[in-house]
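Worksheet: one structure, shown below.
The values are calculated or read from the model by the stated rules, or taken from the named source; none is laboratory data. The structure displayed is predicted, hence computed values, not measured ones. We work out accessible area using only protein heavy atoms, side chains counted, and drop any ligands, DNA or RNA first. Shrake-Rupley method; radii C 1.70, N 1.55, O 1.52, S 1.80 Å.
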Amino acid sequence: MWNQQFITLGIESSCDETSIAVVADGRHILSNVISSQIAIHTKFGGVVPEIASRHHLQNINAVLQQSLDEAGITLSDVDLIGVTHGPGLIGAVVIGVATAKALSLATGIPLVGVNHMHGHVSANYLQYEDLKPPFLALIVSGGHTNIVDVTDYNECRVLGSTRDDAAGEAYDKVARVIGLGYPGGPKVDRAAKEGDPHAVEFKRVYLEKGSYDFSFSGLKTQVINYVHTEKMRGHELSVPDISASFQQAVVDVIVDKAIAAAEERKEEKLVMAGGVAANSCLRSEMQKACDAHGIRLYCPKPVLCTDNGAMIASAAYYKYKKHGADGLDLDAYANLPL
Ligand code: KG4
Ligand code: ZN
C-alpha cells in the first residue's frame, strides 16, 4: 500500500525527545518512534540543554533505523525529509537539522524545514482525516501559549500570546515549588486527580477585557507565596490540593479565552495542540465548554500532543506541496516566529 503513497520522514529533536516518524500522504502514521530523555534529566530537575544535545546525537541513528524498520521501508522509499528547524534548544535542534541535511545530501531526497509550532498544529491532521484549514487553534506547550487563526497549512495569524510564562512553563515551575520535580506537567496532572480544585482559590488572570493574551507568572507567584506562608505557619502542604487548585486556575482562563475567541469569530471548529493539550483536566473542561457552545473540538491523543516526529512529517508534507524543498543551507533557530 505505502509504496503507492508519498512517504515523508519526520525528524524532531527540539527539546528532550529524539523522534523520527514515517508518514504517508501527510496523514497516515506508519511509524512514530519517540526516544524520551526523561530518565536522564529527572535527576537534574529539568532539561539540561547540553546533555539533551549529546543524547540526541547518540540516539538519532538508532531511532532512524527503528522508525524505518517499524514502517517496513528503507530510505530508498522515502520521498521527503522534514525536520524541526526551530524554535527550540539550539544545540538540540542542530542535531536534527544536521541529520536531515546529511540524509538529504547522501540520498538526494528533498528536505523541508518545519516550524515546531506548526508541527504541533499538524498533529491534528494525523488524527482527523477530514480536518482542513481554516480553523481556530489553541497552542499550549512548554514555550508557547497562543490562540491563532490557522489560515492554511503551516500558516497562521496570532490573536493572542502569553506575556510572560507559557502554560507548560508554569506547570513545570509550580511542580518544582511543590516538590514534584520534572517532568512537571504530567506530575501535576496526576497529583491533581486526588485533590480539591477549590481548596485554594488562586486568582485568575484575564488581563484587559477582550484580550486573547495570557499571563501565568502571577499565578506561579501566588503558588510560591501560598507554599511559603503555609510552611511558616507550620501547616502540612497538600500537594494534590495545590496541584488541583493551580491547574483549575490555568484551565479556567485557557478555556474561557479560547471559547471567547471562537464565539467572537463564529468559529465552529477549535483545534488544540502542544504538550499541555495532553492535560486531562484541560481536555475534559474544553470538551464540556465546546459542547455547551456548539463548537467541534479537535484534540490529538496525548502521544501526538507532546513532541513527536509524525507531526513534523505532516507539516513538512504540506509545506513541500505548497513551497517546494529547502536547500542544504537550511539553518537551525532557537527562535522562529509562527
Ligand atoms: O509540546 P511539548 O511536548 O514541548 C514543547 O514544544 O514545549 O510541551 C511540553 C510541555 C511541558 O511544559 C510539559 O510539562 C507540558 O507540556 N505537559 C503537560 C502535560 N504533559 C506535558 N502539562 C500539563 N499536563 C500534562 N499532562
Ligand atoms: Zn513541542
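Could you tell me which of rounded, prolate or oblate describes region 115-216, using a ≥ b ≥ c as the square roots of the eigenvalues of the alpha-carbon gyration tensor, with rounded for a/c under 1.5 and, failing that, prolate when a/b is larger than b/c and oblate otherwise?
Prolate shape, in that a/c is at least 1.5 and a/b is the bigger ratio.
Give the angle, between 0 and 90 degrees and rounded to the nearest 10, that separates the Cα long axis of helix 167-177 from the longest principal axis of the Cα atoms of the chain.
Orientation of helix 167-177: about 60 degrees from the principal axis.
Rounded to the nearest 500, what is the 222 nm mean residue ellipticity of the chain from helices alone, with -39500 (n - 2.57) per DSSP H run of 4+ residues and division by all residues?
-14500 deg cm²/dmol
Tell me the angle of helix 116-127 to the major Cα principal axis of the chain, expressed in degrees between 0 and 90 and rounded to the nearest ten.
Helix 116-127 sits at roughly 80 degrees to that axis.
Determine the percent antiparallel among the DSSP beta bridges restricted to the chain, to the nearest 5.
Approximately 60 percent, going by the DSSP bridge assignments.
Multiplying the sequence separation of R265 and S36 by 0.36 nm and subtracting their Cα-Cα distance, what value in nm do you get?
78.6 nm
Out of all DSSP beta bridges with both ends in region 133-300, state the antiparallel percent to the nearest 5.
If we restrict to bridges inside region 133-300, about 60 percent are antiparallel.
From zero outward in steps of 10 Å, how is the percent of C-alpha pairs of the chain spread across the bins?
6, 26, 32, 23, 10, 2, 0
Would you mind working out the accessible area per residue for the chain, using a 1.4 Å probe, and quoting it in Å²?
Heavy-atom accessible area per residue stands at 42 Å².
Using all C-alpha to C-alpha distances in region 133-300, build P(r) with 5 Å bins and read off the rounded percent in each one.
1, 9, 18, 22, 20, 13, 8, 5, 2, 1, 0, 0
Among the listed pairs K266/K301; K101/K321; K220/K288; K257/K301; K187/K231; K132/K220, which have their C-alpha atoms separated by more than 31 angstrom in this model?
K132/K220
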